[in-house]
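Worksheet: one structure, shown below.
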Amino acid sequence: MADELYSLTIHEAAGMLRRGELSSVALTEAVLDRVVAVDNDVKAYLALTPEAALADAAAADALFAAADDPARLPALLGIPLAVKDVILVEGVPTTCGSRILEDFMPPYEATVTAKLRAAGAVILGKTNTDEFAMGSSTENSAYFTTHNPWDLSRVPGGSSGGSAAAVAAGECLGALGSDTGGSVRQPAGLCGVVGLKPTYGRVSRYGLVAFASSLDQIGPLARDVTDAALLLNTIAGYDPRDSTSMNVPVPDYRAALTGDVRGLRVGVPREYFIDGMQPQVEQAVRAAIDTLAALGAEVVEIRLPNTEHALPVYYLIAPAEASANLARFDGVRYGLRHPDAETMWQGYTMTRGAGFGPEVKRRIMLGTYALSAGYYDAYYLKAQQVRTLLKQDFDQAFQQVDVIACPTSPTTAFKIGEKADDPLSMYLADVFTLSLNLAGNCGLSLPCGFDAAGLPIGLQLIGPAFGEGTILRAAHAYEQATDWHLQRPMLNNMPAD
Amino acid sequence: MTANSTVVATGTYLAVIGMEVHAQLQTASKMFCSCSADYWEAAPNSHVCPVCLAMPGVLPVINEHAVEQTVRSGLALHCQIAPFSVFARKNYSYPDLPKGYQISQYELPLCHDGFLVIDGDDGQPRRIGIRRAHLEEDTGKTIHADGVSLVDLNRAGVPLMEIVTESDLRSADEAYRYLVKLRTILRYLGVNSGDMEKGAMRCEVNLSLRTAEQAARGEYGVKVEVKNLNSFKAVRDSIAYEVARQTALLDSGGTVQQVTMGWDEDRRRTIMQRSKESSEDYRYFPEPDLPPLELSSQWIDGVRASLPELPDAKVERFTGEYAISRLDAEALTAERSVAEWFEDAVHAYSGPPREVANWVTGELFALLNAQEGDITALDLSPDDLAALLTLVDTGVINRNTGKRVLAEMISTGQPPEVIIDAQGLAQVSDEAGLAQIVDSVLAANPDAVTKYHDGKTSLLGWFMGQVMKETRGKANPDVVRGLLAERLDHR
């Protein structure tokens, strides 16, 4: 499959583009053809913009042709990418997977996509997501469920399931997702690709439709660690339009990929290997940790004692912030406005009643309750206090170790519909990922094996704040020693569900 | 309550009053985006951008100048300035609130625990506690008409400072004087235009009545809030109305309900807006899109050093330095621009400052009142006034002509010398010429001369008037008086 253009990695394609062995238009056409071939089954995209993509590709080719020194051109020039549909691209419809934004056309551009465009990347379209990024399977999308390219009867994970499936299925070379409680890492793990949640403040949130403002980060999804580093290089950095972005220098993350993990201290948290997790997941993750040890890393057992509180804390803070963030969808200025409303207040209730799906309503109710007079101290405030303890867990752990290794998810991809009616069991899909959104530090997922059913297993590597270089280095060294990342789903042989 | 608080009875009850003032800050741009904050008379929804329209995905960025304006205000009100303060979301739904929450401050405001000194009802200074002054954003405007609701978001996101007093005010008049004083200070600081008609200051009152016995026990009555008061007069009238209403209610054995009222300007009465039971739960929580605001002590000291001299200090200095009355000093310092104009004139003039004060508070204020203008908008410089006063002092014109010339200077913008020359207003001091006129007046009025000699010396003034009439007011009165005396008394 590696001879197919659509399955190239970004760094492979970038080399061919620079050597004149490939044009961006040819690459973009190949990927668009792939989308046409498989997206009826995968259903990764909510919107495709082929004309704009081919025009951008042609512009990129002109730059390659005119360049005296193509090596100096931006790494993403001419590379076809996908963007999760909670990130605004000016002039491309953005729905957030919600009926309430069904016909919304953004009047401005997100900082991350502006950076991608400035680097000459080709944006193919917008990928499916759980409504307002609330979910772990894309089943909460108001439009359709994305299917896992490794088994179309299964979910791709979520909420960035569209982006993860698109990367896995060859429907783009890389993609952006957003991660509030695991929404980049968990689908990356379930789809067998690399997904990175940067440190809170590493990447601008301007133009990311907010779910939980203190937890959201945009992150890359890619076929290998090098590609993830290239994408992060482009999107990271301080943005004066996001006061929570941090003015910390952006290193060259690709240069961090030395392949050397000798002496790297890898912590293994006892709390991340729990009863009820899929045994093959634990085996694969433990084997991956052994591989890191064999490469010269020093493996240390550590404790993250407050881990068990992360899930309830998350499900108080995230919905509380979401309940305010989603108040703007009132039908007054944009988006759905219910045609039958006769009064102003009916306009509010009918528009929101019709526009939001059940999971969004559930979280608005949860969050409103947690912030209400008489409950604030017991719920929201207490959750913030425990959040500080979770952060202290990581701070203490990172005095002992450089990287923490653990599973991304307790299980591999589950069947579509399996957990759709059981919110609590769905919430458990993020039990290993949401701690670091609460603590603010970074983490990534990369492929570390397959279960007996051939479904990918994700290894999560967690770093301290602004430790992206370290976790990318560890991930890259592991990747060099294994070939999980070279496996591609045999999509064409799979019957549609 | 402060130590020097005095208790003024209203009937049998004592009023306990607190105020909240929302003051729009004079900044170039809005609180969290770069849209112009000067929305007055702009076409609806023309001063908007994705941020203040609350498009999906936008983020607020704090306007540093608004922070500085709030800190200036806090320092002028003797507040503590918080080195660490937090913005919070105040959640409620209304079409003129685009995000569905207002970014405000709740638990940790920028400024707290200050005071403002006003004249109490007994004439003694009263210290009114300032509980807090915090920074937030204004809402847009909703207009309900003909079965539709229209929203204009030009005002949405304009920086707004909320200043909350302790319950230290005791009467409608004290509340009024507090507002006048506050407005003066905010205008001095260049923080707020004070333009009530344009909604630059909006007031809310909370008020309760209690008996002297309750006061002695430290108890309070039931608190009523009156919102949306758009003039100081409305504040005074609504307090007076509420005091009378609640007094009558309590006297007849009724109880006051804890409610929020509005003021109906046309019917001149308060009207109930909502009860305590239906009061909103704003679900405040810290704004996650903005990190806590940290101010260094150096930065705060820099703001403190930039504060102008405030009205109270100016009054003290003017009465001392310029030997003018307290009344004049207060009149001259009510507006910073007037005070500065006055001082410039004093410095340009070699005579006593009291003379400048007399002309400004007398002639100039009278002319300004007639024009409803501002002294700085007049085509009259402090140097021009000093020149005019010097011309009076040196006898080029007399005082009455000076007043005419001043009016002419304001209407034409010309310097006094030009007006005097052009209209031939210079005082006639030439003795030979005036002697001829004096002689002709005396010759024409032999009867009056006789009466004068018979002892009716008060006719001297009448003779003066006749000479002035002949000279169209330009005769030097001292010279004329000398000539008349010479002829009538020393024959």
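The values are calculated or read from the model by the stated rules, or taken from the named source; none is laboratory data. Quick caveat, the model's predicted, so the values are computed rather than measured. Note that we place each Cβ from the backbone using ideal geometry, even for glycine, and neighbour counts take in every protein chain shown.
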Apart from one, (1) of a type in the set (D, E, K, R); (2) surrounded by 16 or more Cβ atoms within 10 Å (Cβ to Cβ); (3) in a loop (DSSP other than H, G, I, E, B) all hold for A:ARG34; the odd one out is (3)
Taking the criterion of being over 29 Å from B:TYR178 (Cα atoms) and either outside the structural domain of B:GLU107 (by TED's automatic domain parsing) or of a type in the set (A, V, I, L, M) (or both), would at least one residue in the range B:304-320 satisfy it? no
From B:VAL86, B:VAL58, B:VAL67, B:VAL51, residue being of a type in the set (A, V, I, L, M, F, W, C) and under 18 Å from B:HIS22 (Cβ atoms): B:VAL67
Applying the selection to the range B:70-102, what residues are out of contact with any Pro (no Cβ under 6 Å at 6 or more places or on another chain) and of a type in the set (A, V, I, L, M)? B:VAL71, B:LEU75, B:ALA76, B:LEU77, B:ILE81, B:ALA82, B:LEU97
Which listed residue, of B:ARG245, B:ARG274, is under 27 Å from B:GLN105 (Cα atoms), away from every other protein chain (no Cβ under 14 Å) and without any contact (Cβ under 8 Å) to a residue 40 or more places away in the chain: B:ARG274
Sole residue being within 23 Å of B:ALA37 (Cβ to Cβ) and either surrounded by fewer than 20 Cβ atoms within 10 Å (Cβ to Cβ) or under 23 Å from the mean Cα position of the chain (by Cα) (or both), chosen from B:TYR101, B:TYR94: B:TYR94
Could you go through the range B:60-68 and let me know if any residue there is touching a Gly at 6+ places or on another chain (Cβ under 8 Å) and assigned by TED's automatic domain parsing to the domain that holds B:THR165. no
How many of the residues making up the range A:303-318 are assigned to a helix (DSSP H, G or I) and surrounded by fewer than 16 Cβ atoms within 10 Å (Cβ to Cβ)? 2
Within the range A:469-479, is even one residue part of a loop (DSSP other than H, G, I, E, B), of a type in the set (Lys, Arg) and over 18 Å from the mean Cα position of the chain (by Cα)? no
Just to verify a result, which residue in the range A:401-437, among those that are β-branched (Val, Ile, Thr) and in a loop (DSSP other than H, G, I, E, B), is nearest to A:ILE218 (Cα to Cα)? A:THR433
Condition (residue is in a strand (DSSP E or B) and touching a Gly at 6+ places or on another chain (Cβ under 7 Å)) applied to the range B:248-266: is it met by at least one residue? no
Residues satisfying the stated conditions in the range B:247-285, i.e. at positive phi and either of a type in the set (A, V, I, L, M) or in contact with an Asp or Glu (Cβ under 7 Å, 6 or more places away or on another chain) (or both): B:ARG268
Could we say that A:GLN217 is away from every other protein chain (no Cβ under 14 Å) and either surrounded by fewer than 21 Cβ atoms within 10 Å (Cβ to Cβ) or within 30 Å of A:ARG362 (Cβ to Cβ) (or both) here? no
Listed by range, helices (runs of 4 or more DSSP H) wholly within the range B:380-446 having at least 1 residues that are under 30 Å from the mean Cα position of the chain (by Cα) are B:382-393, B:399-412
Residue pairs meeting the criteria (Cβ under 7 Å; at least 6 apart or on separate chains; first under 17 Å from B:LEU179 (Cβ atoms), in the range B:107-129; second aromatic (Phe, Trp, Tyr) and outside any loop (DSSP other than H, G, I, E, B)): B:LEU116/B:TYR178; B:ILE118/B:TYR178; B:ARG127/B:PHE115; B:ILE128/B:PHE115; B:ILE128/B:TYR178; B:GLY129/B:PHE115
From the option list A:LEU101, A:LEU77, A:LEU17, A:LEU48, single residue qualifying as within 14 Å of chain B (Cβ to nearest Cβ) and touching a residue at least 24 places away in the same chain (Cβ under 8 Å) is A:LEU101
Look at the range B:117-150 and say how many of its residues are at pLDDT 95 or above and in contact with a Ser or Thr (Cβ under 8 Å, 6 or more places away or on another chain). 11
Selection over the range B:277-312 where residues are of a type in the set (A, V, I, L, M, F, W, C) and within 11 Å of chain A (Cβ to nearest Cβ) yields a count of 3
Within the bounds of the range A:291-302, is there any residue that is of a type in the set (D, E, K, R), outside any loop (DSSP other than H, G, I, E, B), more than 28 Å from A:VAL203 (Cβ to Cβ) and touching a Leu at 6+ places or on another chain (Cβ under 9 Å)? yes
Go over the candidates A:LEU196, A:LEU190, A:LEU176, A:LEU231 one by one and state the one that is within 14 Å of chain B (Cβ to nearest Cβ), not in a loop (DSSP other than H, G, I, E, B) and not polar (S, T, N, Q). A:LEU176
Considering only strands (runs of 3 or more DSSP E) fully contained in the range B:24-137, which possess at least 2 residues that are within 14 Å of chain A (Cβ to nearest Cβ) and among the charged types (D, E, K, R)? B:87-91
Tally the residues that are among the hydroxyl-bearing types (Ser, Thr, Tyr) and modelled with pLDDT of 90 or more, restricting the search to the range B:365-399. 2
Enumeration of residues in the range A:319-366 that are buried (at least 19 other Cβ atoms within 10 Å of the Cβ), closer than 24 Å to B:CYS52 by Cα and more than 9 Å from every other protein chain (Cβ to nearest Cβ): A:PRO319, A:ALA322, A:GLY331, A:LEU336, A:THR351, A:ARG352, A:GLY355, A:PHE356, A:ILE364
Residue pairs meeting the criteria (Cβ under 9 Å; at least 6 apart or on separate chains; first within 11 Å of B:ALA175 (Cβ to Cβ), in the range B:214-239; second part of a helix (DSSP H, G or I) and among the β-branched types (Val, Ile, Thr)): B:VAL226/B:VAL235; B:VAL226/B:ILE239; B:LEU229/B:VAL235; B:PHE232/B:VAL180
From the option list B:ASP301, B:ASP328, single residue qualifying as without any contact (Cβ under 8 Å) to a residue 60 or more places away in the chain, among the charged types (D, E, K, R), surrounded by 18 or more Cβ atoms within 10 Å (Cβ to Cβ) and over 30 Å from A:ALA320 (Cβ atoms) is B:ASP328
